[in-house]
Amino acid sequence: MDESKRKLNEYEMKRDFNKTPEPDGKEASLEWARDRPVFVVQKHAASTLHYDFRIEVDGVLKSWAVPKGPSTDPSEKRLAVPTEDHPLEYGDFEGNIPEGEYGGGTVLLWDRGSYRNLKEDPESNPLTKQIEDGHITIWLEGEKLKGGYALVRTGKAENARWLLVKMNDREADARRNPTSTEPNSVKTGRSLEEIRDSKD
Ligand code: MN
């Protein structure tokens, strides 16, 4: 079993692919991805609304659930709770997970694009190391989110928590509030309600 398959054990254990329309992870590719690693943000109306922030690292999507969603304001620190690795093809997923299934509710593909490593010495600071060290800095080229973002782990062991913060650069904007002004899907243009009411 290769490394990225092993990482997806938890993802597979939590889901019944006869019941959920979510990808089973066997494709392992994205149509829109080019040569750069990808990121996606999925708005997920499950038991509580949150935004799943995912970045491609070593063949899987490393994932965090961000209750308030990403901000473009560097003074806003958004709690980001690590969740299980997702298959790369999850970056295309939008639709309805049946009630009663894990993560039951509506998923909207809120943003997508590529990212690059912002460390001064990226060769000796690959993303796997940044995750281990609890300090990630990346530049996003999304349709809604652009510029530098940091994901920083604070606290120890069971008190550890991650924060997602916009870095102070030319793309920072305290007045923009894309989670409320640009709520619709970048894949289909649909609203959460339109996806929920569809047969997807
Ligand atoms: Mn979620």
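The values are calculated or read from the model by the stated rules, or taken from the named source; none is laboratory data. Only a predicted model underlies this, so the values are computations on that prediction, with no experimental measurement involved. All Cβ positions, glycine included, derive from the backbone under ideal geometry; neighbour counts span all protein chains shown. For accessibility, only protein heavy atoms count, side chains too; no ligands or nucleic acids. Shrake-Rupley method; radii C 1.70, N 1.55, O 1.52, S 1.80 Å.
The table that follows gives values for the structure above.
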{"quantity": "Residue-wise HN-Hα coupling along the stretch 170-186, computed from phi with Karplus coefficients 6.51, -1.76, 1.60 (Hz; x: Gly, Pro)", "calculated": "5, 8, 5, 7, 5, 8, 5, 9, x, 5, 9, 8, 10, x, 7, 5, 7"}
{"quantity": "Residue-averaged [θ]222 nm for the chain, counting only DSSP H segments that reach four residues, each worth -39500 (n - 2.57)", "calculated": "-2500 deg cm²/dmol"}
{"quantity": "Near-label residues of the stretch 76-99 by backbone N, under 14 Å of a point 7 Å along Cα→Cβ of N9", "calculated": "85"}
{"quantity": "Length released on extending from K129 to R176, taking residue separation times 0.36 nm less the Cα-Cα span", "calculated": "13.7 nm"}
{"quantity": "Over the chain, equivalent-ellipsoid semi-axes from the Cα gyration tensor in Å", "calculated": "25, 21, 16"}
{"quantity": "Spatially proximal lysines relative to K26 (Cα-Cα < 18 Å; intrachain offsets below 8 disregarded)", "calculated": "K5, K7, K14, K62"}
{"quantity": "Shape call, the stretch 35-108: gyration tensor on alpha carbons, a/c limit 1.5", "calculated": "oblate"}
{"quantity": "Backbone HN-Hα couplings from phi across the stretch 56-67 [Karplus 6.51/-1.76/1.60, Hz, Gly and Pro as x]", "calculated": "6, 9, 6, x, 10, 9, 5, 9, 9, 9, 10, x"}
{"quantity": "Three-way shape call for the stretch 119-167 based on the alpha-carbon gyration tensor, with the a/c threshold at 1.5", "calculated": "oblate"}
{"quantity": "Net charge dipole size for the stretch 53-178 [Lys, Arg +1 and Asp, Glu -1 on Cβ; Debye, nearest 20]", "calculated": "640"}
{"quantity": "Count of lysine pairs in the stretch 103-175 with Cα separation under 22 Å (8 or more residues apart, or interchain)", "calculated": "7"}
{"quantity": "Listed residues S47, S185 arranged by accessible area, highest first, probe 1.4 Å", "calculated": "S47, S185"}
{"quantity": "Rh (Kirkwood; distinct C-alpha pairs) - the stretch 98-199, Å", "calculated": "16.1"}
